[in-house]
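Here's the structure we're looking at; comments come further down.
Just so it is clear, none of the values below were taken in a lab; they were calculated from the coordinates. Since we're looking at a predicted model, the values are computed, not measured. Quick reminder, even Gly has a Cβ in these numbers, built from the backbone with ideal geometry, and neighbours come from all protein chains shown.
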Amino acid sequence: MWDTDPPTEATTITNLAGGDYTISIIDANDCLTDSTITVEALASPVADFTPIWTERDSSVWNPQGTDFLNLSTGAVRYEWNFGDGNFSTETDPTNEFLDPGTYWVSLIAYDALGECPDVDSLLIELVPRGNVYLPNAFSPNNDGRNDEFKPIGLQINEFKMTIFDQWGTLVKETNGLNEGWDGIGADGKTAPEGVYVFVIRALINDGTVYERTGSITLIR
């Protein structure tokens, strides 16, 4: 007999809560023996995870894959759904998302009995790696077409550009992508037609530094 509430007369019992139990056993000769056992309660699993990001590229798409760190407790088996048609049963998986975008990633954590699973989900956004695009000529004649030398940047955190004439004289300096060069020199005069040298330094969203020196043709 088990000292459950109510007492249970059975050779096998299931679904016991954690704690100490006394078993009373009566043999064929009506001899009574008591024994105490301790049932250890299994903690319910708690699912938890995080993508493994560095400080600067917390949402930059990496074609080599995104790593996930499993922080679950009380679990021994896992099922991952990355929201892109890919699945995994690894503890700490890596998933290769084919394209930038927004994905619901979910993790199901199971205990040793496979009961009482817990689920954790996280919406992650993977943005493309930043880049800078440059024209090779411009014509500041106020016709509304290519009137500025203005680089286009995607996912750029910092940007600086300096422009020099063929004698090395500084004619323009900018500190952001919102400002281009309209063909007016540092002295406020119209710069003559010709080839100019630019130096660009930009901080990309994945933490890398983009540096480029090149030439731009001013056409009038």
Rounded to one decimal in nm, the spacing of the 7 Å Cα→Cβ label points at residue 84 and residue 12 is 4.7 nm
Rounded to one decimal in nm, the spacing of the 7 Å Cα→Cβ label points at residue 133 and residue 213 is 2.7 nm
Excluding residues fewer than 8 positions from residue 150 in its own chain, the lysines with Cα under 18 Å of it are 160, 172
Residues other than residue 142 with Cβ under 14 Å of its Cβ, Lys/Arg counted +1 and Asp/Glu -1, net out at -2
Contour minus Cα-Cα span, residue 98 to residue 113, at 0.36 nm per residue, comes to 1.9 nm
Over its alpha-carbon atoms, the chain yields an Rg and a Dmax in Å of 33.9, 118
For the pair residue 46 and residue 199, the simple spin-label estimate (label points 7 Å beyond Cα toward Cβ) gives in nm 5.5 nm
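Taking the Cα centre of the chain as the origin, how large is its charge dipole in debye, to the nearest 20, when only Lys and Arg (+1) and Asp and Glu (-1) carry charge on their Cβ atoms?
Values: 11 positive and 35 negative charges, 440 e Å.
Charge dipole of the chain: 2120 debye, to the nearest 20.
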